[in-house]
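Please treat every number below as a calculation from the coordinates, not as lab data. Treat the numbers as computed from the prediction; the structure is a model and nothing was measured. So basically every Cβ, Gly included, is an ideal-geometry build from the backbone, and we count neighbours across all protein chains shown.
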Amino acid sequence: MVTLSGYGLVSDWKPNRRLVAKQAASFSPAYFHDQTFTRGETGAEDNKTATSLTAHGYKLLVFWHLRVSGAVHPKRLSFPPMQPTVTPPPYKVEISTERLWLLPYTVEHAPAFYELLHQNRARLLPDFPDRTSAVLTLPDAQHRIKVFISQHKAGDLYSFGIWRKESDDYVGDITLRRLARGKPYSEVGYYLGDQAEGKGYATEALKGLARYAFQDLRMECINLRCAVTNDKSQRVAERSGFTHLKTYTPVAPENGIGTPQPIHVYRLKKDDANAHLLWKRF
């Protein structure tokens, strides 16, 4: 007797192991997925050596043998539809540039992540109020990284630590945020520790992440915002192929302090003529 748990199939057919193996070999691997089933215990000739086959492959084999043997009429044999397997982008992506690694955060990165924010808190507060106010202690950093991991796996936010290859030290952060779930439009933000500025790392990291966004994440465009007084970020955007889209003044200051300051918005589309700058050495 064959029993397929979850499919409600019980039959008097006893599978021929050689025939099963021969028929299984003829199926394309595309027919199989992770869930496995084995021959049921009742009436099985040799439970210890029962052949294990993946769900879809086993379904097809059972159907084929029952139809050939005439044990069950094909119209009386039915299976619930199988859910398609959706494979999300792998979380452990390593983006390599000439001098840098862009690495998705792990909890082991929390001390370095916290220390850089702590040492640069006053400087980063105006442009990154949420990040600096949310990470005040090492446990805060650990919690924040766990949120990054969940958001990365969901495809909503892709946060990477910026690491120098030569010295293997953490020098900053670059994050790509999807503007709407499931849509190919995003915004990028980044920051560096003060000792890492002025060395071209921001441009190099931005180009590396933009290439990944267009090639692997299938993004259509990337926005970048910066204060009109932030000349460094404006030059980074322009060297990376971004063009000025507009300037606006928020209704309220983003950090909740002082008066709103004008913001430049830059944009780079996948099919822009100057997107070739992403492959140009920083």
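Distances longer than 24 Å among the Cα atoms of region 95-279: what percent of all pairs is that?
When every Cα pair of region 95-279 is considered, 37 percent fall beyond 24 Å.
So if the hydrodynamic radius of region 131-195 is defined as the Kirkwood radius over C-alpha pairs, what does Stokes-Einstein give as its diffusion coefficient at 10 °C and 1.306 mPa s, in µm² per second?
After rounding, the answer is 121 µm²/s.
Can you sort Leu209, Leu157, Leu277, Leu224 from fewest to most other Cβ atoms within 10 Å of each residue's own Cβ?
Leu157, Leu277, Leu224, Leu209
Report, in debye and to the nearest 20, how large the dipole of region 95-279 comes out about its Cα centre when Lys and Arg carry +1 and Asp and Glu carry -1 on their Cβ.
Magnitude of the dipole: close to 520 debye.
Over 29 Å between Cα atoms: which of Lys146/Lys269; Lys153/Lys269; Lys153/Lys207; Lys146/Lys270 fall into that group?
The pairs that break the limit, which is 29 Å between Cα atoms, are Lys146/Lys269; Lys146/Lys270.
If I model a spin label as a point 7 Å beyond the Cα along the Cα-Cβ vector, how far apart are those points for Val93 and Val228 in nm?
3.5
If you wrap region 89-147's Cα atoms in a convex hull and average its projection over all directions, what's the area in nm²?
Across all orientations, region 89-147 yields a mean hull projection of 5.0 nm².
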